[in-house]
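Beneath this line is the structure, given in structure tokens, with notes to follow.
The values are calculated or read from the model by the stated rules, or taken from the named source; none is laboratory data. If you're wondering where the values come from, they're calculated on a predicted model, not measured in any experiment. Neighbour counts run over all protein chains shown; Cβ positions are idealised from the backbone, glycine included.
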Amino acid sequence: MGQDTTIYLNNAATTWPKPECVYAAVDQTLRTCGSPRRDSRGGVDPVHEARRELVELLGAPDESRLIMTPGATYALNLAILGLPWEAGDVAIMTGLEHHAVSRPIRKAARELGIRFEVAPYTPGEPVDLGFVEATLKKGGVRLVACSMASNVTGQVLPYREMARLAREHGALCLLDAAQLAGVTPINIAELGVDLLAVAGHKALMGPPGVGALWIGERARLRTLAEGGTGGDSGTHAMSGAPPKDYEVGTLNGPAIAGLGAGVRWVREIGLETIHAREAELTRRLIEGIAPHPGVNVHGPGAGKDRTSVVSFTIDGVEPHAAAGALFERHGVICRAGFHCAPLAHETIGTHAGGGTVRMSPGYFTTEAQIDVAIEGVAALAGAAAPGV
Ligand SMILES: Cc1ncc(COP(=O)(O)O)c(C=O)c1O
């Protein structure tokens, strides 16, 4: 088989490649561990190991309240739809939310009679905190939901302030950490946040199909699924205690073991090193593409409080056509369209044009790969420029 010459710039969707230790942990667990927690042989429990790694990384004050889930989407659905909503309750979300937050909130509005407010946005102030505070002061707000970083613009949101405002006004705060966990430090205890969801397969380096939800003391969640927990088999009712009540059915042991290995790798390399590497690649990418006439970068400039997600449009080139050409001509794998976040595209004004092209370098991306991507974008912009 020939060498893979493609250039993977879609790490915001799923990081790839994974560190070798992740492949090894998945393989070893599949070979040696039959059914996590339902197996008389004992030994290392991959669920316990992964939970411990995550608790350390995220500064979670209570291990039993960190629930393993089949991904951030499930975690966010549980956090939102598991709340004891009453008709007329209010949820506040930002204008940059992913479907995994906005769709459950819309479902609660449709089916449970809650109302939701979308906090206004400007590029300089991605969440209008004055609006959030004024809405909280009116009363009836049960939940403030906020992405920690946008999967469309890479912008880091004022999540600390959102958590503080929610707490001060007696509302719960849910943070979607899918784009930030494994990139910058997160400390649940310091944030005082009630609910926080992570995706295992992004910067935490795990395989797809695994994630986690922090459920703080103040958040009383109904389960979304009932079934065997491996621990209370003799009774009809579930025990009523986290984490097992929220982890029903046979868990995805190999993926969870892979996540545990991924988080361990992140902790060993260090968030500062990972962030610095990605920031350097992101700066190179933005500074390489932004000066070309017709290229519009949507999101914070290089060096600002941002992740490695770089969204852009090229005048006269539809985003899917641009991504297609980048792959065909340069082997660059990126993502085009709405990135499961049409609300974010409405918010930043890119919806009508079909969204954006999104490139997201990862820790393993090289400078040479970024340079090929820059050349590709420059060539497309040049070809589309008037008079060319
Ligand atoms: C901001 C954000 N939230 C939630 C999700 C959903 O994560 P998962 O794929 O683990 O369900 C994603 C993944 O694309 C995301 O970028």
### Message
Return the residues of segment 279-315 that are surrounded by fewer than 19 Cβ atoms within 10 Å (Cβ to Cβ) and either in contact with a Leu (Cβ under 6 Å, 6 or more places away or on another chain) or modelled with pLDDT under 95 (or both); say none if nothing qualifies.
### Response
Gly301, Ala302, Gly303, Lys304, Asp305
### Query
What pairs can you find where one residue is in segment 326-337 and assigned by TED's automatic domain parsing to the domain that holds Thr365, the other is surrounded by 20 or more Cβ atoms within 10 Å (Cβ to Cβ) and among the basic types (Lys, Arg), and their Cβ atoms are less than 8 Å apart, with a gap of 6+ or different chains?
Cys334/Arg358; Arg335/Arg358; Ala336/Arg358
### Query
Can you name every residue in segment 240-285 that is without any contact (Cβ under 8 Å) to a residue 40 or more places away in the chain, within 30 Å of Arg222 (Cβ to Cβ) and in a helix (DSSP H, G or I)?
Lys244, Asp245
### Task
Could you grab me the full set of residues in segment 102-137 that are away from the ligand (no atom under 16 Å from the Cβ) and touching a residue at least 40 places away in the same chain (Cβ under 8 Å)?
Pro123, Val132, Thr135, Leu136
### Message
Whether any residue in segment 220-232 is in contact with a strand residue (DSSP E or B) (Cβ under 9 Å, 6 or more places away or on another chain) and away from the ligand (no atom under 11 Å from the Cβ) is what I want to check.
### Response
yes
### Task
Return the residue satisfying two criteria in turn: it lies in segment 68-101 and is β-branched (Val, Ile, Thr) and within 16 Å of the ligand (Cβ to nearest atom), and of such residues it is farthest from Gly124 (Cα to Cα).
Thr69
### Query
If you take the residues in segment 227-237 that are without any contact (Cβ under 8 Å) to a residue 24 or more places away in the chain and either in contact with a helix residue (DSSP H, G or I) (Cβ under 9 Å, 6 or more places away or on another chain) or not assigned by TED's automatic domain parsing to the domain that holds His169 (or both), which one is nearest to Leu191 (Cα to Cα)?
Thr229
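Within segment 341-361, restricting attention to residues that are among the hydrophobic types (A, V, I, L, M, F, W, C) and within 13 Å of the ligand (Cβ to nearest atom), which residue is surrounded by the fewest Cβ atoms within 10 Å (Cβ to Cβ)?
If we take residues in segment 341-361 being among the hydrophobic types (A, V, I, L, M, F, W, C) and within 13 Å of the ligand (Cβ to nearest atom), then Leu343 is surrounded by the fewest Cβ atoms within 10 Å (Cβ to Cβ).
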### Message
For Asp176, only one of the following conditions fails: (1) in contact with a Ser or Thr (Cβ under 6 Å, 6 or more places away or on another chain); (2) within 23 Å of Thr29 (Cβ to Cβ); (3) within 16 Å of the ligand (Cβ to nearest atom). What is its number?
### Response
(2)
### Matching strands (runs of 3 or more DSSP E) fully within segment 297-381 where at least 3 residues are at negative phi
310-314, 356-359
